[in-house]
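This report refers to the structure that appears directly beneath it.
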Amino acid sequence: MAMTARQRAKVSLYVQAGIFVVAVAAVIIAVDWKTVGTSVFNFAKIGPMFPDIFLVGLKNTLIYTALGFVVGLSGGLLLALMKLSSFPLYRWLATGYIEFFRGVPALLVFIAFGYGVPLAFGIQWDVNIIVMVSLGMVAAAYIAETLRAGLQAVPKGQMEAARSLGMPHWRAMVSIVIPQAFKIVLPPLTNEIILLTKDSSLIYVLGLTASQYELTKFGRDGISSLGAGLTPLLVAGAFYLVITIPLSLLARKFESRSARTKR
Amino acid sequence: MNDVVNSTVRAAGVNIKDLRKSYGNNEVLKGISLTVEPGQVVCLIGPSGSGKSTLLRCVNLLEQPNAGTINVGKFEATDPDVDLNRMRQSVGMVFQHFNLFPHLSVLDNCTISQMKVLKRSKSEAGDVARRNLERVGLGHLADRFPDQLSGGQQQRVAIARALSMDPQLMLFDEPTSALDPETVGDVLAVMRKLAQEGMTMLVVTHEMGFAREVADRVVFMDAGVVVEEGPAENVISAPTQPRTKEFLRRVLDPTHIGVEEA
């Protein structure tokens with residue numbers, strides 16, 4: 001007997017759920033639980049990670065991310081304005097910068113500023129400076145494109161109204177266009193911060209002292225010192241979620257708020 | 001006209017000579033000459049695409065004309081060295097789609113350029129803004145945000161925002177075209193009052209009733225030229241040019257009932 005469309009949809013859903021259950025079961029059966037118990041989920045031995053994972057790892061990850069974001073946001077705004085400039089040289093410079101730093105792995109940028117700059121100029125930067133510059137310059141390239149889209153999404157009439165009231169172009173930008181653009185890009189900007197949080201782990205390529213460890217390096221260090229296999233890395237990963245999940249929730253809140261004010 | 005700014009209307013005139021404007025090969029203004037005396041109200045009417053909005057936007061240089069001269073009060077707008085920001089402070093502009101600043105309250109919409117451009121103190125700008133919001137009948141909505149207002153209320157706020165800069169000339173670009181029919185009257189009433197107070201006004205409009213009642217002169221434009229101009233009762237009630245007659249017949253009797261057969 002032929003099924004109705006509704007019955008077919010129902011059967012299809014059951015089949016999909018079945019496939020999912022079978023896949024999960026297959027993984028559970030395939031895993032070597034004995035080894036996993038001692039070297040991935042071995043929480044009995046990770047006591048020594050606390051409280052330093054808060055006081056050093058989490059703290060440094062937050063500091064590195066914040067430093068990168070400050071540079072990334074201001075650099076990104078500058079690049080976005082350059083990209084929208086009527087002066088061709090500014091547009092070319094911004095486009096070249098964005099293409100380069102978006103196209104090159106962030107890891108290479110860290111190596112360039114961590115090892116290349118001391119070789120080329122004979123100066124050794126503080127770790128905070130290296131993170132700020134490396135992470136910030138990569139972030140600026142991504143944030144610039146986000147902000148450019150936001151600036152262009154502000155209706156042209158806003159600039160015209162501001163200019164009609166006698167505001168110079170820069171004043172109209174600062175007081176009228178940029179505040180509205182930031183409101184528009186708040187959700188994607190929050191995503192940029194999440195990406196930055198994770199990219200801050202790339203600092204591991206530099207030689208860090210123990211007090212400069214961020215979460216990933218802290219976890220790797222635990223692998224060699226605690227004898228609990230990969231468990232410390234698992235714990236470090238969980239701490240990233242402590243940062244990124246609230247940010248995601250925040251982004252969603254912004255998104256629903258801007259959807260509400262839009263008519 | 002001088003640099004002294006005070007709250008009474010100081011009307012400025014407009015003088016446009018042989019104005020031309022093209023977009024690529026498309027010439028939308030083909031040598032327009034037009035004079036608005038201080039304190040006069042001139043309505044620009046005509047079919048869409050006739051260039052009337054472009055002409056209005058040329059007056060405060062939102063559009064850059066290709067040839068011709070425009071004088072606004074003591075400023076020559078078409079002089080490349082004109083202080084454009086100073087000139088625009090004395091020219092209020094009201095847009096079809098209001099263009100209120102959505103991130104600012106009604107009061108802040110009216111104070112921001114007073115404070116940032118005229119360098120008035122917050123309290124002085126607030127006083128001026130409140131006075132002008134009262135003038136358009138919206139003093140009680142000062143703390144609202146634009147998206148909480150009806151279209152007619154938003155447009156009246158836009159008028160109050162322009163008036164807060166103490167302009168000597170007001171430009172209106174189809175101010176009632178985007179409004180719900182029942183809110184059109186409130187906006188027109190504010191404009192009528194403004195005209196009676198002696199403000200110089202250049203108004204692009206399809207409201208023939210308003211033009212007939214308020215305008216000192218009506219200018220009919222078509223295809224980038226001025227076809228006919230004169231006192232409202234002449235141009236609207238007794239047009240002489242065939243193109244004007246045709247346009248008015250369509251506007252005043254949009255259903256064409258009793259016209260097509262004639």
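Helical runs assigned H by DSSP (4 residues or longer) give chain B a calculated mean residue ellipticity at 222 nm of -10000 deg cm²/dmol, each run adding -39500 (n - 2.57) before division by the residue total. How big is the antiparallel share of DSSP beta bridges in chain B, given as a percent to the nearest 5? Bridges in chain B are about 55 percent antiparallel.
When only Cα pairs below 8 angstrom with a gap of at least 6 residues are kept, chain B shows a relative contact order of 26 percent. For the set A:Lys156/A:Lys183; B:Lys21/B:Lys245; B:Lys17/B:Lys245, the pairs lying more than 18 angstrom apart at their alpha carbons are B:Lys21/B:Lys245; B:Lys17/B:Lys245.
If you run the Gaussian network model on chain B, springs between alpha carbon atoms under 10 Å, then out of B:Ala160, B:Ala77, B:Ala238 the most flexible one is B:Ala238.
Per residue, the average separation of C-alpha pairs within less than 8 Å and at least 6 apart gives region B:132-262 a relative contact order of 16 percent. Under the classification rounded if a/c is under 1.5, otherwise prolate if a/b is larger than b/c and oblate if not, where does chain B fall, given a ≥ b ≥ c as square roots of the Cα gyration tensor eigenvalues? It is oblate, given that a/c is not under 1.5 and a/b is not larger than b/c. If you take the Cα centroid of region A:139-207 and the Cα centroid of region B:55-87, the two points sit 32 Å apart. Comparing A:Thr61, A:Thr216, A:Thr35 in a Gaussian network model of chain A, where Cα atoms under 10 Å apart are tied by springs, the biggest mean-square fluctuation is seen for A:Thr35.
The distance between label points at B:Gln64 and A:Trp92 comes to 2.1 nm (points 7 Å beyond Cα on the Cα→Cβ vector). Work from the charge dipole of region A:22-181 (Cβ charges, +1 for Lys and Arg, -1 for Asp and Glu, about the Cα centre) and give the residue of A:Gly68, A:Ala161, A:Leu58 farthest towards its positive end. Sorting the options by dipole projection puts first A:Ala161. Relative contact order of region A:48-262: 29 percent, from C-alpha pairs under 8 Å at least 6 residues apart in sequence. If both residues of a DSSP beta bridge must be in the protein assembly as shown, then about 55% of such bridges are antiparallel.
Label region A:57-169 by shape, choosing from rounded, prolate and oblate, from the square roots a ≥ b ≥ c of the eigenvalues of the Cα gyration tensor; if a/c is under 1.5 it is rounded, and otherwise prolate applies when a/b is larger than b/c, oblate when it is not. The shape class here is prolate.
Which residue, A:Lys83, A:Lys59, A:Lys34, tops the fluctuation ranking in a GNM of chain A built on C-alpha contacts under 10 Å? Ranking A:Lys83, A:Lys59, A:Lys34 by mean-square fluctuation puts A:Lys34 first.
Peptide A:154-163 has a mean shielding of 5, counted as Cβ atoms of other protein chains within 10 Å of each residue's Cβ.
Put the Cα centre of region A:33-51 next to the Cα centre of region B:163-226 and the gap is 78 Å.
Laboratory data are not the source of any read-out in this text; all were calculated from the coordinates shown. Given the structure is predicted, the values throughout are model-derived calculations rather than measurements. Methodologically, a virtual Cβ is constructed for each residue, glycine included, from the backbone with ideal geometry; neighbour enumeration extends over all protein chains shown.
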